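Below is one structure, written out as structure tokens; the observations come after it.
The values are calculated or read from the model by the stated rules, or taken from the named source; none is laboratory data. No experiment lies behind these values; they were computed from the predicted model shown. Here the Cβ is made from the backbone with ideal geometry for all residues, glycine too, and neighbour counts use every protein chain on show. Surface areas here come from the heavy atoms of the whole protein model, side chains and all, with no ligands, DNA or RNA. Shrake-Rupley method; radii C 1.70, N 1.55, O 1.52, S 1.80 Å.
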Amino acid sequence: MKVLLLTQVVPYPPDSGPKIKTYHVLRWLAREHDVTLVSFVRTPAEALAAESLRSLCRHIYTVPLHRSRLRDAGAFAHSLHDSRPLILLRDENAELRRLLQRLTHTQAFDLIHVDQLNMAQFALDLDGPPVVLDLHNAVWTIFDRMARSARGARRWLLLRERARLRRYEGMACRKAAAVVAVSEADRAALQQVAGNVRIDVVPIAIDVREQRLIERDPDARAALSVATMFWPPNVDGVCWFGREIYPRIQQRQPDTTFLVVGARPAQPVLDLAARQPGIVVTGYVADLAPYQRQAAAFVVPLRSGSGMRVKILEAFTHGLPVVSTTIGYEGIDARPDEHLLAADDPAGFADAVLRLIHDQRLSRRLVEAGRALAEQLYDWRAVCPALATTYTRALA
């Protein structure tokens, strides 16, 4: 088949959750189908990275996407008389619309694979082939969870966006020829807003075979967080850990550190490191191994979010013991005390990290079980072929 893959970010290099998911879907698609990739790019480096996918794609087209506070303000002003969610309005792009019109009128695509909700607005109204909507999250639930802990004007804005996302996600699911979610929790959340629409579950996949186990330092004392540090749920989780959990750990184990690794750290995260000794904020790093070797625990202190945390699957694959909130490992078939440790309160989370620092037998047991789980359930070669059933149904 000829498949048009529409992505919000170039899925290369596979160094963040959304890019990892989409990269392995593309690898599977390239085995079976003729793929044309259309993607936004934010920098010349992203446009160059797209060229690395030439071996997987018949054609690649990129469209510049510009983000700024001024453009965000303009999108907010536009939202006063437009019912679409703000996260869609800020990415409205006439150039991408013209490109898709031209491609679908001049090439005989069998199917459009839309990656993430942000891109649905560009495909669902095209007079062309059926659309498969591949949702990384039930996005409305992210804003619902963030609103619960917000106050004042921020809470009002989050609730407003949640209401718009509920309407839009429901409409998008009903309009698409087929819909894919990454977990049963997301499927249930999407069906709340979409009604009686069939939604297939295809979990996020990684490449377990090509990932090596990390030989951690025998005296590892760090709590390691790896995440995109501009995404609000990640910012909230890291700040919660830094303010309420890390001081408890440091009080009982003074030589511990908190390593925060991830692109474009927001100001509240930078402020954490400035105020609290022992917290190190690195920004983006190309090679995680030096930080992974120092990790006594890979921490996922999320209090809001949706979908699946690819970083947990990657931690399992690399042999890092994980401590997570319940929301953090949502969507992953992991069991507390067997594959990871779980806690939702500061005292319990701190205790779990300290257990891993002091109990090497427990740490090794979790590492072995986590790696085995990733091998059994989450390698892309086993997961992605399930999309064939979704494609068949969309074409029908």
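Structural remarks
- For region 195-255, the square roots a ≥ b ≥ c of the C-alpha gyration tensor eigenvalues yield an a/c of 1.5 or more together with a/b not exceeding b/c, which makes the shape oblate.
- Sequence-distant aspartates and glutamates (8 or more away, or on other chains) whose Cα lies within less than 13 Å of K21: D115, D134, D207, E314, D379
- When you count the other C-beta atoms within 10 angstrom of each residue and take the mean per peptide, 97-109, 3-15 line up highest first as 3-15, 97-109.
- Relative contact order, whole percent, for the chain stands at 15, derived from Cα pairs under 8 Å and 6 or more residues apart.
- The residues of the chain expose, per residue, 43 Å² of accessible area to a 1.4 Å probe.
- Measuring between their Cα centroids, region 315-384 and region 37-83 lie 34 Å from each other.
- Estimated purely from DSSP H runs of n ≥ 4, each contributing -39500 (n - 2.57), the mean residue ellipticity at 222 nm for the chain is -13500 deg cm²/dmol once divided by its residues.
- Full extension of the chain between D345 and A274 yields a length gain of 23.1 nm, computed as 0.36 nm times the residue separation minus the alpha carbon distance.
- The accessible area of I357, taken with all protein chains in place and a 1.4 Å probe, comes to roughly 10 Å².
- Cross-link reach list, lysines versus K175, counting only Cα pairs under 23 Å and skipping chain neighbours closer than eight places: K2
- For the chain: rounded, prolate or oblate by the Cα gyration tensor [a/c cutoff 1.5]: prolate
- Cα-based helix-to-principal-axis angle, 360-377 vs the chain, degrees rounded to 10: 10 degrees
- FRET efficiency estimate (nearest 0.05) - Cβ-Cβ, R264 to L80, R0 35 angstrom: 0.80
- Degrees, to the nearest 10: 184-194 long Cα axis against longest axis of the chain: 40 degrees
- Region 237-352 shape via C-alpha gyration tensor axes, a/c threshold 1.5: rounded
- The 1.4 Å probe gives accessible areas that order K21, K175, K2, K311, largest first, as K175, K2, K311, K21.
- The portion of the accessible surface of the chain made up by carbon and sulfur, rounded to a whole percent, is 51 (1.4 Å probe; DNA, RNA and ligands excluded).
- Relative contact order of region 336-396, taken over Cα pairs closer than 8 Å and 6 or more residues apart, is 32 percent.
- Gained length - A47 relative to E95, 0.36 nm times residue gap less alpha-carbon distance: 15.7 nm
- Figure legend: label point modelled 7 angstrom from the Cα of E215 along Cα→Cβ; residues of region 291-334 with amide N under 13 Å from it are 293.
- Computed over region 28-142, the percent of Cα pairs more than 17 Å apart is 63.
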